[in-house]
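Report on the structure given below.
What follows is calculated from the coordinates using simple rules that are stated; it is not laboratory data. Because the structure is a prediction, the values reported are computed rather than measured. Please note: Cβ atoms are built from the backbone with ideal geometry, for glycine as well, and neighbour counts cover all protein chains shown.
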Amino acid sequence: MPKVKGKGQAAILNNDQIDQVIGLCAEPYKFIVAIAAFTGCRMGEALALRAENLDLVAGIITLTHTKTGRTREVALHPELVALLSESNLPTVGYLFPSPRTAGHITRQAVDKELRLVCEALKLRGVGTHSFRRSLATNLHGKGIPLKTIASITGHESLNELSRYLDVTPAQQQAAILAR
């Protein structure tokens, strides 16, 4: 069930919808959302990124502030590398510094931008976690093994990962017909 008034799970978006959201977000939010969408990282992990965590030449992002406390590296999709290469992000310190404090942009600021963008696009139930759920579900729908998806998202168990996955009516129908 999609998120309504802060309750329920964040909506899952298809790649076209994700591209629309990224395209409509203002800078630097478009880069934050793109990182979350292409890597499946948690919004807090994206916001805590430092410039030294991003290697566009090698195509690797290193997530150091993870929920589990374990650092993980995730390969970058070429579209994300191209988008970030054209950005004017800092080369030292936080990748997304706060304009008001010594820290980084807050999750609340990203959430506010997302609400404006998704309202304009008439997308309901989208939250900061939508991009993580969307990547996991979309990869699963393309037949990527669950263990591979878990290694990208940083889920420690397949049981945890399974809560992120959604099944479409088309997938249900295909499963029934595969008998």
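Projecting the Cα atoms of 88, 131, 77 onto the charge dipole of the chain, computed from C-beta unit charges around the Cα centre, puts 131 farthest toward the positive end.
Run the dipole for the stretch 1-143 about the Cα centre, Lys and Arg Cβ at +1, Asp and Glu Cβ at -1, nothing else charged, and hand back the magnitude in debye, nearest 20. Write down the numbers at each step before the final one.
Details: 18 positive and 12 negative charges, 173 e Å.
In debye, rounded to 20, the stretch 1-143 gives about 820.
Before anything else, pin down the relative contact order of the chain: Cα pairs under 8 Å, at least 6 apart, normalised by residue count, whole percent.
Values: 244 pairs, mean separation 48.6, N = 179.
That works out to 27 percent.
Over the chain, the alpha carbon radius of gyration divided by the compact-protein estimate 2.2 N^0.38 Å works out to 1.03. When you count the other C-beta atoms within 10 angstrom of each residue and take the mean per peptide, 29-36, 168-175 line up highest first as 29-36, 168-175.
Computed over the stretch 106-168, the convex hull of the alpha-carbon atoms projects to a mean area of 5.1 nm².
Place a +1 charge on the Cβ of each Lys and Arg in the stretch 28-102 and a -1 charge on the Cβ of each Asp and Glu, then give the dipole magnitude about the Cα centre in debye, rounded to the nearest 20.
On the way: 7 positive and 6 negative charges, 73 e Å.
Here the stretch 28-102 has a charge dipole of around 360 debye.
In this structure the amide hydrogen of residue 104, modeled in the peptide plane, comes within under 5 Å of the amide hydrogens of 98, none closer than 5 places in sequence on its chain.
Summed over qualifying helices (DSSP H, 4 residues or more, each -39500 (n - 2.57)) and divided by its residue number, the chain shows a 222 nm mean residue ellipticity of -13000 deg cm²/dmol.
A cut-off under 10 angstrom between Cβ atoms defines the neighbours of residue 22, and their net charge, with Lys, Arg +1 and Asp, Glu -1, is -1. Using Cβ point charges alone (K and R +1, D and E -1), the dipole size of the stretch 84-129 about the Cα centre works out to roughly 200 debye.
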